[in-house]
Amino acid sequence: MPRAQASGFSPWTDLVLRLSKAPFITIAAIRGRARGGGNELSLALDLRYASREKAFFGRLEVGTGLLPGGGATERLPRLIGRDRALEVILTGHDYDADTAERWGVITRALPDAELDAFVEATANRLASFDRTALATAKAMVNRAWLPPDADLVTAYGQFTHSLTSPGFLERAAASAALVPQLGLDLELRLGEYLGLANQQS
């Protein structure tokens, strides 16, 4: 029986837990917008490097009437503290790579032109190290830092339940009405437009 079925984990929860606990090091090169699931996927990886000019981060669920369900509510407070985690999760505002680095959401912000070479050099350096030592060191850090699996399972259940909430359904309809007017601009400035959709619902 697959682990997700045996444990009761959703496929998403199973994925982020497997990545966090994998006996190898995972590295993200982020060049673009990491919101929602993309943001939660990056939080499950071990090292996160982002383009200073092109990477942006954000949580949009609460502004749309949803609840985060992929690990953000469990991981962000451990990374950036309770008050900043609340600001990120509750406001829906995007923040840039420099802020993400300063707060500890990413490992490092780099000039876009240097991002790929830096990530490749880091991966090559780690690949030259003893695999057992890398995996054991990661497991030791995980013991001190990772949230309990059950917390991620609970959060995913709350997320799926919020998909049927009246607050989300009303805001989804209002947001859909904005899409033809705003086009690509909606994606680029989504955090700002959540407030408009809420005013129209």
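The values are calculated or read from the model by the stated rules, or taken from the named source; none is laboratory data. A quick note: this is a predicted structure, and the numbers were derived from the prediction, not measured. Virtual Cβ from ideal backbone geometry, glycine too; neighbours counted across all protein chains shown. SASA here: full protein model, heavy atoms, side chains in, ligands and nucleic acids out. Shrake-Rupley method; radii C 1.70, N 1.55, O 1.52, S 1.80 Å.
Overview of values
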| quantity | calculated |
| --- | --- |
| Length-normalised contact order of segment 1-133 in % [C-alpha pairs under 8 Å, at least 6 apart] | 25 percent |
| Cα gyration tensor category, rounded, prolate or oblate, for segment 1-144 with a/c compared to 1.5 | oblate |
| Two-site label geometry, Arg102 and Ile27: point separation in nm, points 7 Å out along Cα→Cβ | 2.7 nm |
| Dipole of segment 8-57, positive end: most advanced residue of Ser20, Phe9, Phe56 [Cβ charges, Cα centre] | Phe56 |
| Residues of segment 20-36 with amide N under 19 Å of a point placed 7 Å along Cα→Cβ from Ala117 | 29-31 |
| Sparsely packed chymotrypsin sites (Phe, Trp or Tyr not before Pro) within segment 103-159, loop by DSSP, other Cβ within 10 Å at most 15 | Phe129 |
| Accessible surface ranking that places the most exposed of Ser175, Ser162 first, with a 1.4 angstrom probe | Ser175, Ser162 |
| Solvent-accessible area per residue, Å², over segment 79-187 with all protein chains present [probe radius 1.4 Å] | 61 Å² |
| Dipole magnitude (debye, nearest 20) for segment 63-125, charges at Cβ of Lys, Arg, Asp, Glu | 400 debye |
| Computed label-point distance, nm, for sites Asn124 and Leu47 using a 7 Å Cα→Cβ extension | 1.3 nm |
